[in-house]
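Asker: Attaching a single structure in structure tokens format; questions to follow.
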Amino acid sequence: MATDKKNGRRAVVVSGVRTPFVKSFTDFTKLDTIALGVAAVTGLLKKSGLRHSDIEAMIWGGVILPTTSPNLAREIALDVRLDPSCEGYTVTRACASGLQAITNAVSAIERGDNDVIIAGGSDSTSNASITLPSKVVHAIAPLALGGKASAADYLGVLSQLMPISEILPRQPKIAERSTGEVMGESAERMAKRNEISRQAQDEFAVRSHHRAAAAIAAGRFDDEIVPVQTPSGKWVHADGLVRADTSVERLAKLRPVFAKDGTLTAGNSSALTDGAAAVLLMSEEKAKAMGLKPLATISAWSYVGVDPADQLLMGPALAIPKALDRAGLKLADVDFVDMHEAFAAQVLSVLKMMASAPFARARLGRDSAVGEVDPAKLNVHGGSLALGHPFGATGARMVTTMANELARTGKQSAVLGLCAAGGLGAAAVLEAIN
Amino acid sequence: MSDFLLELSKNPRARSLIGALGLPIPLPQPLKRERGPWAARPLADARIGIGAASGAELVPALAEAVTAAGADAFIQLPESLAAAFRAPGETFGRPAKKLDSLAEGTKLDALVFDASGVRDIKGLRAVYEFFQPLVSKLARSSRVVILGRAPEGPDAEAAAVQAALDGFVRSVAKEIGRLGATANLIIVTRGAERRLGPVVRFFLSARSAFVSAQPVVLTARAKAIDEPAFVRPLEKKIALVTGAARGIGEATAHALALEGAHVVCLDRPGDDGPTSQLARAIGGTALSVDMGDDDAAAKISAALAPLGGIDIIVNNAGITRDKTLGRMKPEQWDSVLGINLAAVIHTTAALEPLLRDNGRVVCLSSIAGLAGNIGQAAYAASKAGIVGFVRATAERLADRGITANAIAPGFIETRMTAAIPIAIREAGRRLSALGQGGLPEDVAQAIVFLSSPGAQGITGRTLRVCGGAFIGA
């Protein structure tokens, strides 16, 4: 069950911020995922006006974790100079990691474990480590770690390292471990199977860019983004991937990248991105006691798994109705639908499933379709296609934007949906605090 | 003894050389097999061409079955029948495509034709018209399945054309066997339509690699069950396999365990070593009983009673004492009939009180029992006897949802067949439609299928696992 209301406690979103999201190997190349997390958390503390000692715990989501310091939460807390008593742990659930950190925080607060938690996520594809194949590691281990080695040992190791192609460092790939398929290939297959045209994908991508550009132009993200200074001294204030001037005609010129006769291009797929996002969560009483006005509450969520070999990224089509059920809401009731846009084809496939009655009957055991999503409610300020997708940060970005949206508009509810590697899906329902 | 021609055939250079030189050497096609546990979508991305004669009644069940199993349907159907594909297509993200949209040169993994509406000679022609242009598009290890109807009433022409499908399928099986492909006829009696799905799955999958050229009849006779599971179908089931130490029994014990069953592995006290080794490997239980003993059945039921019940009985233990009739001694007759038939009857009877509802009885028959063989009067009698035994047993247990079936292996590469003189062995291999012997695992797959909840529609029948063969052991 989503929340434990037995003790009457309710967790609320008090504030949220993120760094600008920029294309990997551009401005943030010299900032690793911990540094990006530090930037976001520092910005969040400044914005909320809390003292360092107020933060009781940190929960952080990340996908590409540094091998020598995988507990990002603790490293970020130490680097920010939070009180040493602020404990922290790190969660990883592919692209739903940021949301996972936040729902964990809600659980902990509602259980009564903590009153004030910072939860969020970050990723820096620019700093993904290039790994040596295990074959090399196993072969050189006796020399590297085993003390004295004779010349014969060295020759023995050399003989194990042929052919050369097997020992070259591996290019990091976002491929499914179980199927070997790169995520774009899975999305490409989903586009084919659900009959999502290139035209529809490009139109959706353009819409995402135009909405994000409009939000930026209107200053809608000003409160949500904290500027970041790079080691070279440059200040980065704005998202780097949004293209206000893109058009379907322009995107139509791009070549498919995952299959020769495919429909997925760099234009309708989310880009590798560096960035971080952080959310401040509190118990309602604590927020009130501190005189803080909460933005929203997270009333329900759901995580699901599907067979990665089938339709890898369809998870939200199952998770969203589940989360809505738990919140006691219908799709038609919610004011905003915010979907992570890994690929335009993936979002459009999920929307198609949600609108299908046969799908609802067979896959959800209900009589009627979950429903058509009104385009006016969907990703009102764009999504990952335009803004970028630092894996661990995206969930926290979505919670921040939607919590602010509810507070600003006075609307009642928003549902979030994310697909994630491994065939995972995630959804959460945000509701206004009246 | 390995099959030299099959090994040669696996070598692409040798294959093309023999082809180029036009040598008269038959090269059997290595069969595609499935070795892991059952999967949710055994037909993932398979291209299946689907047609139907007018009046077809099974298209909705077929559409649901193939689409849920992960296949891409390429249909050649009138709009009224094509509509059945719409909902499953939407549910599983696999909208059916028109068969004529298939790109030039693309092979099909299966062809399925619903002939349930065929009532007259004219209707029968639709079968010819569907398959004739498509048979050349079949891929290696592909499948042909025709769905028929058990004739009802006095319409002799309808009975004739439905029976004609059997001959058609057997001949197609012989023709496409060189591709490693199989052809089978599934006859659905009225009321058994909902039992078609899991059976179609099996016959279209790689698990039926050595099952060809035969009719399979589905009935509503055994009491209905809920939706059958396709993944770990035998979870929480207890199975007994007799003759489990090696060959078909060993492969069966492995295959049942792989689907989640707890397997009691039974063999003679002399084979204690391999039997307990097997039981350990698959997390089962070993049981040493000589099926030739008079009290074997009592010993088995005493050993199984503490398990609280049994779900699957695989009567596999068997012996051969081949002698032409004139030379056969009475002891030889007695021991063959005693172990191959009497022990099966007595064991099953002794275990019947322990057999739970929706249980399964699978008995090993043999192609020799169906076709007869020189020197095998006793063996064939015992194995043909099994056919009668399961027929009567099925009838008796049907109301409890229990099915009883026989499996008739053809030429299977085992220790038993390796001992056959080479000339006969070669004939045994090459005379099957697939031009090769089967493997113990092929028989095991068929046994697991008959043991699964999805096989509720098949009872009292004999399923051949012979690659479409004339003779066998």
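The values are calculated or read from the model by the stated rules, or taken from the named source; none is laboratory data. Since this is a predicted model, take the numbers as computed values, not measurements. Cβ sites come from the backbone with ideal geometry, for glycine too, and all protein chains shown count toward neighbours.
Asker: Take residues that are outside the structural domain of B:Ile176 (by TED's automatic domain parsing) and within 30 Å of B:Asp295 (Cβ to Cβ) and tell me which of the helices (runs of 4 or more DSSP H) falling wholly in the range B:345-445 contain 3 or more.
Answerer: B:377-397
Asker: Follow-up question, since we're still on this one. Is it the case that some residue within the range B:229-249 is in contact with a Lys or Arg (Cβ under 9 Å, 6 or more places away or on another chain) and assigned to a helix (DSSP H, G or I)? I'd like the intermediate steps shown before the answer.
Answerer: Of all residues in the range B:229-249, those in contact with a Lys or Arg (Cβ under 9 Å, 6 or more places away or on another chain) come to B:230, B:237-239, B:243, B:245-247.
Still in the running and assigned to a helix (DSSP H, G or I): B:247.
Looking through the range B:229-249, at least one residue is in contact with a Lys or Arg (Cβ under 9 Å, 6 or more places away or on another chain) and assigned to a helix (DSSP H, G or I).
Asker: While we're looking at this one, here's another question. Identify, by number, the condition in (1) away from chain A (no Cβ under 14 Å); (2) surrounded by fewer than 16 Cβ atoms within 10 Å (Cβ to Cβ); (3) touching a strand residue (DSSP E or B) at 6+ places or on another chain (Cβ under 8 Å) that B:Phe113 doesn't meet.
Answerer: With (1) away from chain A (no Cβ under 14 Å); (2) surrounded by fewer than 16 Cβ atoms within 10 Å (Cβ to Cβ); (3) touching a strand residue (DSSP E or B) at 6+ places or on another chain (Cβ under 8 Å) applied to B:Phe113, the lone miss is (2).
Asker: Follow-up. What are the pairs with Cβ atoms under 8 angstrom where one residue, in the range B:298-316, is without any contact (Cβ under 8 Å) to a residue 40 or more places away in the chain and the other, located anywhere, is buried (at least 24 other Cβ atoms within 10 Å of the Cβ) and not in a helix (DSSP H, G or I)? Sequence gap at least six, or different chains.
Answerer: Between residues of the range B:298-316 that are without any contact (Cβ under 8 Å) to a residue 40 or more places away in the chain and residues that are buried (at least 24 other Cβ atoms within 10 Å of the Cβ) and not in a helix (DSSP H, G or I), the close pairs are B:Ala303/B:Val264.
Asker: Checking the conditions here, which among B:Arg195, B:Arg232, B:Arg190, B:Arg170 is outside the structural domain of B:Asn315 (by TED's automatic domain parsing) and buried (at least 23 other Cβ atoms within 10 Å of the Cβ)?
Answerer: The unique qualifying residue is B:Arg195.
Asker: How many of the residues in the range A:48-70 are surrounded by fewer than 17 Cβ atoms within 10 Å (Cβ to Cβ) and under 22 Å from the mean Cα position of the chain (by Cα)?
Answerer: Residues in the range A:48-70 being surrounded by fewer than 17 Cβ atoms within 10 Å (Cβ to Cβ) and under 22 Å from the mean Cα position of the chain (by Cα): 3 in total.
Asker: Given the conditions (1) crowded, with 18+ Cβ neighbours inside 10 Å; (2) of a type outside the set (D, E, K, R); (3) within 12 Å of another protein chain (Cβ to nearest Cβ), report the number of the one that B:Ala103 does not fulfil.
Answerer: That leaves (1) as the condition not met.
Asker: Could you count how many residues in the range A:358-408 are farther than 15 Å from A:Gly275 by Cα, buried (at least 19 other Cβ atoms within 10 Å of the Cβ), touching a strand residue (DSSP E or B) at 6+ places or on another chain (Cβ under 7 Å) and small (Gly, Ala, Ser)?
Answerer: 1
Listed here are the residues, each with its yes/no results for (1) surrounded by fewer than 18 Cβ atoms within 10 Å (Cβ to Cβ); (2) at pLDDT below 95.
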{"residue": "B:Ile367", "(1), (2)": "no, yes"}
{"residue": "B:Gly372", "(1), (2)": "yes, yes"}
{"residue": "B:Gln376", "(1), (2)": "no, yes"}
{"residue": "B:Thr393", "(1), (2)": "no, no"}
{"residue": "B:Arg396", "(1), (2)": "yes, no"}
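Asker: Quick check on my filter: what residues within the range B:41-84 are within 11 Å of chain A (Cβ to nearest Cβ), more than 20 Å from B:Val188 (Cα to Cα) and in contact with a strand residue (DSSP E or B) (Cβ under 7 Å, 6 or more places away or on another chain)?
Answerer: Matches in the range B:41-84: B:Asp45, B:Asp72.
Asker: Out of the range B:250-285, which residues are in contact with a Cys (Cβ under 9 Å, 6 or more places away or on another chain) and outside any helix (DSSP H, G or I)?
Answerer: B:Ile282, B:Gly284, B:Thr285 - these are the residues of the range B:250-285 that are in contact with a Cys (Cβ under 9 Å, 6 or more places away or on another chain) and outside any helix (DSSP H, G or I).
Asker: Among the residues of the range B:233-259, write down those that are farther than 25 Å from B:Cys466 by Cα and free of Cβ contacts under 8 Å to residues at least 60 places away in the same chain.
Answerer: Within the range B:233-259, B:Glu235, B:Lys236 meet the criteria.
Asker: Please state which one of B:Asp226, B:Asp267 is charged (D, E, K, R), crowded, with 19+ Cβ neighbours inside 10 Å and either out of contact with any Ser or Thr (no Cβ under 7 Å at 6 or more places or on another chain) or closer than 23 Å to B:Leu364 by Cβ (or both).
Answerer: Details: B:Asp226 fails: crowded, with 19+ Cβ neighbours inside 10 Å.
Unique residue meeting the criteria: B:Asp267.
Asker: Across the range A:286-296, what is the total count of residues that are in contact with a helix residue (DSSP H, G or I) (Cβ under 8 Å, 6 or more places away or on another chain) and either crowded, with 21+ Cβ neighbours inside 10 Å or part of a strand (DSSP E or B) (or both)?
Answerer: Adding up the residues that qualify gives 3.
Asker: Do you know which of the residues in the range A:301-318 that are surrounded by fewer than 24 Cβ atoms within 10 Å (Cβ to Cβ) and assigned to a strand (DSSP E or B) is farthest from the other protein chains (Cβ to nearest Cβ)?
Answerer: A:Tyr303
Asker: Scan the helices (runs of 4 or more DSSP H) fully inside the range A:180-285 and keep the ones with 2 or more residues being within 14 Å of another protein chain (Cβ to nearest Cβ), out of contact with any helix residue (DSSP H, G or I) (no Cβ under 7 Å at 6 or more places or on another chain) and among the basic types (Lys, Arg).
Answerer: Ranges flagged: A:183-193.
Asker: While we're looking at this one, here's another question. Here is a list of conditions, (1) in a helix (DSSP H, G or I); (2) at pLDDT below 95, and B:Gly36 meets all of them except one; can you say which number that is?
Answerer: (1)
Asker: Please determine whether any residue of the range B:432-455 is among the hydroxyl-bearing types (Ser, Thr, Tyr) and within 30 Å of B:Ala349 (Cα to Cα).
Answerer: Checking the range B:432-455: at least one residue is among the hydroxyl-bearing types (Ser, Thr, Tyr) and within 30 Å of B:Ala349 (Cα to Cα).
Asker: Also: If you take the residues in the range A:97-128 that are of a type outside the set (Gly, Ala, Ser) and at pLDDT below 95, which one is surrounded by the fewest Cβ atoms within 10 Å (Cβ to Cβ)? Talk me through it step by step, then tell me what you get.
Answerer: Taking the range A:97-128 first, the residues of a type outside the set (Gly, Ala, Ser) are A:99-100, A:102-104, A:106, A:109-111, A:113-118, A:123, A:125, A:127.
Filter again for at pLDDT below 95, leaving A:125, A:127.
Details: A:Thr125: 23, A:Asn127: 20.
Step by step, filter the range A:97-128, then rank; the result is A:Asn127.
Asker: Okay, moving on. Determine, yes or no, whether B:Ala239 is of a type in the set (A, V, I, L, M, F, W, C), at negative phi and either in contact with a His (Cβ under 9 Å, 6 or more places away or on another chain) or surrounded by fewer than 21 Cβ atoms within 10 Å (Cβ to Cβ) (or both).
Answerer: Here the answer is yes, as B:Ala239 does meet what is asked.
Asker: Same structure again: Could you tell me whether the range A:221-238 includes any residue that is touching a strand residue (DSSP E or B) at 6+ places or on another chain (Cβ under 6 Å), polar (S, T, N, Q) and crowded, with 18+ Cβ neighbours inside 10 Å?
Answerer: No - not one qualifying residue is present in the range A:221-238.
Asker: Separate question: Given (1) out of contact with any Leu (no Cβ under 8 Å at 6 or more places or on another chain); (2) farther than 22 Å from B:Phe449 by Cα; (3) at pLDDT 95 or above; (4) crowded, with 18+ Cβ neighbours inside 10 Å, identify the lone condition not met by B:Asn358.
Answerer: Exception for B:Asn358: condition (2).
Asker: Anything in the range A:319-359 that is within 13 Å of chain B (Cβ to nearest Cβ) and of a type in the set (Lys, Arg)? List them, or say none.
Answerer: A:Lys352
Asker: Also: What's the number of the condition B:Val199 fails, among (1) without any contact (Cβ under 8 Å) to a residue 60 or more places away in the chain; (2) out of contact with any Pro (no Cβ under 9 Å at 6 or more places or on another chain); (3) not polar (S, T, N, Q)?
Answerer: (1)
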